[in-house]
Amino acid sequence: MSVAVPSPSTSTARTAAVAQPGIELRKVRKSFGETVAVDEVSLVVGRGEFLTLLGPSGCGKTTTLRMIGGFELPTSGEIAIDGETMNHRPPHRRPVNTVFQNYALFPHLTVAGNVAYGLEMAGVAKAERQRRVADALEMVRLPGVENRRPSELSGGQQQRVALARALVNRPAVLLLDEPLGALDLKLRKAMQVELKQLNRAVGATFVYVTHDQEEALAMSDRIAVMSAGRVLQLGTPEEIYESPRNRFVADFIGQTNLLPVEVVAIEGDRARVRVSGGQILTCRTTAGAPVAGPATLAVRPERLHLRSELGETGGLAWNHLEGTLAETIYLGTHTQWVVELPDGVSIVVHRQNRGPAERGESLGPGEPIAVVIDPDAATLLAE
Ligand SMILES: Nc1ncnc2c1ncn2[C@@H]1O[C@H](COP(=O)(O)OP(=O)(O)OP(=O)(O)O)[C@@H](O)[C@H]1O
Ligand SMILES: [Mg+2]
């Protein structure tokens, strides 16, 4: 971004989300015949916030976005933008612009013509139009291509033109439906950073749709994880990743070990659980988690340690599980250790690779191995 970009801290963005609602969805529901695409979604997006709707195919992301844009009417419920009810306003009268996956540029118009199109329709004078088109192209880092046709640009450049076209009339809300889907991985990553910077620079509220969890973590102030038309959890990337509320969220975001356990005792926010083969562990419990009987324990592979790497006396309170090494897989940045527990359940441990020949690396399949668990890194799930 060549423009000066103010960089509010994440906590400022979070406070803003509560203080100044930009978009409000109240019990919004959308059914198509028998299909309930969106099921009573209530959500407040802060003014200027970057909110991502994340979930698998068919969970209702696009439908939610289309209702905010006015392309689809809710079956019931209410949508407000900047405090005003939008339910009966057509798309072109909402302070909203949308960027779709397949940028949908006009092939016969130049870049400038494409970006200026909305301004021309709105009757903005030529000189003003030219100035705003130049500003918008500058904003998306595409100056100097005004006179080219879309076919003379790369995919990433075309996507930037689509963004410039959406930003040129300074909408309060920008809706983005998998806008980076057609780009290769490297360009995608670069555009992710730029979109986030653009969000801060223009101050518009961004609602971004993706099924890519890594993309959601990288860009969002907050993420709404959706499944089957509902929002299962709404939180900052860190909250979603570190404290998933249920199985679906834990499993959908990143890689997680989900272990079947039996709760034996609860003490404050700690639980004692019986794992595979009768071994007892201490873990963290969450609101709504079972206080007795069967439950699911979630723990991230990178939060686990191998006993061998901690040394004889070192380590985390010796909260551990014993098993045998099933296999090790070298993955560049880290090595994946698969440990099999006595009753056949596997647990995956990730160890960052910092250099060759680390301690414990000489272990072979079938050898006994202990996995050490920080009680704070293992969470008992509510569902
Ligand atoms: N116009 C429509 N008519 C009938 N059913 C529809 C219509 N639009 C969406 N649906 C259904 O509503 C559900 C949600 O669709 P939606 O497009 O919102 O999902 P999505 O989360 O955007 O999925 P994807 O990641 O595949 O784009 C799906 O079951 C879909 O088949
Ligand atoms: Mg979709």
Whole-angstrom gap from the stretch 58-108 to the stretch 29-55, using each part's C-alpha centre = 11 Å
ask   = Going toward the positive end of the dipole of the stretch 255-380, with +1 on Lys and Arg Cβ and -1 on Asp and Glu Cβ, which of T285, T296, L258 do you reach last?
value = T285
note = Dividing the mean separation of Cα pairs under 8 Å (6+ apart) by the residue count of the stretch 255-380 yields a relative contact order in percent of 32 percent
Dipole of the chain [Lys/Arg +1, Asp/Glu -1 at C-beta], most positive-end residue of N319, V145, V345 = V145
task = Pick out the long, greasy-scoring helices in the chain: whole DSSP H runs spanning 15 Å or more along their own axis by Cα, mean Kyte-Doolittle at least 0.5.
result = 111-121
remark   = Along the dipole axis of the stretch 76-169 (charges at Cβ: +1 for Lys and Arg, -1 for Asp and Glu; origin at the Cα centre), the most positive-end residue among L167, N87, A127 is A127
ask   = What's the FRET efficiency of E239 with Q20 using the Cβ-Cβ distance as r and R₀ = 22 Å, to the nearest 0.05?
value = 0.60
message = Can you tell me the length gained on complete extension of the stretch R141 to D39, counting 0.36 nm per residue apart and subtracting the Cα distance?
response = 32.8 nm
ask   = Given charges of +1 on the Cβ of Lys and Arg and -1 on the Cβ of Asp and Glu, with all other atoms neutral, how large is the dipole of the stretch 255-380 about its Cα centre, in debye to the nearest 20?
value = 260 debye
ask   = Rounded to the nearest 20 Debye, what is the dipole magnitude of the chain about its Cα centre when Lys and Arg each give +1 and Asp and Glu each give -1 at the C-beta?
value = 1580 debye
query = Sorted by packing (mean other beta-carbon atoms within 10 Å per residue), highest first, where do 202-209, 184-191 land?
reply = 202-209, 184-191
ask   = the stretch 255-380: Rg/Rh from Cα coordinates, Kirkwood Rh?
value = 0.97
query = At 222 nm, what helix-only mean residue ellipticity would the chain give, in deg cm²/dmol to the nearest 500, using -39500 (n - 2.57) for each DSSP H run of four or more?
reply = -7500 deg cm²/dmol
Ordering of 221-234, 102-115, 144-157 by packing [mean C-beta count within 10 Å, highest first] = 221-234, 102-115, 144-157
Bins of 20 Å, starting at 0 and running to the largest distance - Cα pair percent for the chain = 25, 46, 25, 4
Contact order normalised by residue count of the chain, Cα under 8 Å, 6+ apart, percent = 16 percent
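FYI, it's all coordinate maths here, none of it is from the lab. Just so we're clear, the structure is a prediction, and the values are computed from it rather than from any experiment. Methodologically, a virtual Cβ is constructed for each residue, glycine included, from the backbone with ideal geometry; neighbour enumeration extends over all protein chains shown.
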